[in-house]
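For reference, the structure is listed below as structure tokens.
The values are calculated or read from the model by the stated rules, or taken from the named source; none is laboratory data. Model, not experiment: these values are computed from the prediction. We place every Cβ from the backbone using ideal geometry, glycine too, and count neighbours over all the protein chains shown. These area figures cover heavy atoms from the full protein model, side chains too; ligands, DNA and RNA do not enter into them. Shrake-Rupley method; radii C 1.70, N 1.55, O 1.52, S 1.80 Å.
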Amino acid sequence: MNTDFYAFGEILWDCLPSGRHAGGAPFNVAAHLAQLGVSVSLISAVGRDPLGDEILKVAGDKGVNVEFVARVRVGLPTGTVLVTVDANGNATYELVQPAAWDEIKVPAAALEAVAKAHAFTFGSLAGRSPYNLDQLDRLLAVKGPLKFFDVNLRPPFADPDLVMQLARRADVIKLNDSEVGRLASWLQTGEMKQEMPQTIDDIARACAVISDLTKASRICVTMAEKGAALWEGGNVVTASAPKVVVKDTVGAGDAFMAGLMVGLTRGTETRKVLEDASRLGAFVASHNGATPLLPAEITRDFKKGYLAQEKKPKSERNRI
């Protein structure tokens, strides 16, 4: 089954204070894309265990095609991560190793399918495995889809060299305001300092530093309750986020990424893309778990716009 969107990387169980939830950034993005009415496949791996059986069922129930989610060798369990949430709803993560998603196999059929897609998203976390890096390299060599890179500088897998290696292969880079400051600091000084940009001008300067060394023309920066910014060739467009009571931030950035992908591949006006994506992220942050059911008033607008885009000639799509 060919789909319009593909996500590569981890699928795992988030073990939260509120319970166990299917997660992993690429899976979360895929689940949100499915809710927005687009066809999407996940390229990942799970173990030959009950947790693997269960998470594949959850993914299927959420509308994610799991044709390219492999069952790995005996001894590698389905991934889990221990999540703690502070009083402000901010999450910290302890990733359990080893895990099935450290050995994601990419068959030839997946390469052929991705070549026909609108968009492909990948993150840096799955790159902790050299095996995955080799597999991802094959996918990134495929011509056709827009490539969205989700930066992850979460310890202990904060590897700026790897981030830069992958960023050079992307059409669009997405990271948060803390990450953009830390990465720009590392590029300029060789040290990853905790430098949070204070103004939009600060963000623009950090993006310019990153773009200069990656040749990325579009860099999207999420700013939590302050909204988001898209840097494009030196110009910055911003949008605010809705005010919500935060329950936990798990999956909020992944929901934003789903909205960003749909909006940019659709050719929607930049500020509208950011507003819609921020609305998605804010809704998820106001609920427990990474992939809560989205309300009809949010999904309706996305589905309507996507169907209109599908009616256009293919040459008029994917214009960003």
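What the table below lists for this structure:
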read-out	value
Segment 13-34 residues that are closer than 14 Å to G60 by Cα and modelled with pLDDT of 95 or more, paired with ones that are polar (S, T, N, Q) and not in a strand (DSSP E or B) (beta carbon under 7 Å, 6 or more apart)	N28/T291; A31/T291; H32/T291
Yes/no for V72 being closer than 24 Å to A224 by Cα, touching a strand residue (DSSP E or B) at 6+ places or on another chain (Cβ under 7 Å) and open to solvent by less than 30 Å² (accessible area, probe 1.4 Å)	no
Top-ranked residue of segment 79-95 - restricted to ones that are among the hydrophobic types (A, V, I, L, M, F, W, C) and under 20 Å from the mean Cα position of the chain (by Cα), ranked as most open to solvent (accessible area, probe 1.4 Å)	L82
Cβ pairs under 7 Å, 6+ apart, first in segment 78-94 and within 11 Å of D14 (Cα to Cα), second open to solvent by 70 Å² or more (accessible area, probe 1.4 Å) and in a loop (DSSP other than H, G, I, E, B)	Y93/R154
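Residues checked against (1) in contact with a Leu (Cβ under 9 Å, 6 or more places away or on another chain); (2) outside any strand (DSSP E or B); (3) without any contact (Cβ under 8 Å) to a residue 12 or more places away in the chain:
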{"position": "V221", "(1), (2), (3)": "yes, no, no"}
{"position": "E225", "(1), (2), (3)": "no, yes, no"}
{"position": "V236", "(1), (2), (3)": "yes, no, no"}
{"position": "V246", "(1), (2), (3)": "no, yes, no"}
{"position": "A255", "(1), (2), (3)": "yes, yes, no"}
{"position": "L264", "(1), (2), (3)": "yes, yes, no"}
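Every residue, every condition in (1) at pLDDT 95 or above; (2) open to solvent by 60 Å² or more (accessible area, probe 1.4 Å); (3) β-branched (V, I, T); (4) touching a helix residue (DSSP H, G or I) at 6+ places or on another chain (Cβ under 9 Å), yes or no:
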{"position": "L183", "(1), (2), (3), (4)": "no, no, no, yes"}
{"position": "Q188", "(1), (2), (3), (4)": "no, yes, no, yes"}
{"position": "E191", "(1), (2), (3), (4)": "no, yes, no, yes"}
{"position": "A216", "(1), (2), (3), (4)": "no, no, no, yes"}
{"position": "V221", "(1), (2), (3), (4)": "yes, no, yes, yes"}
{"position": "G233", "(1), (2), (3), (4)": "no, yes, no, yes"}
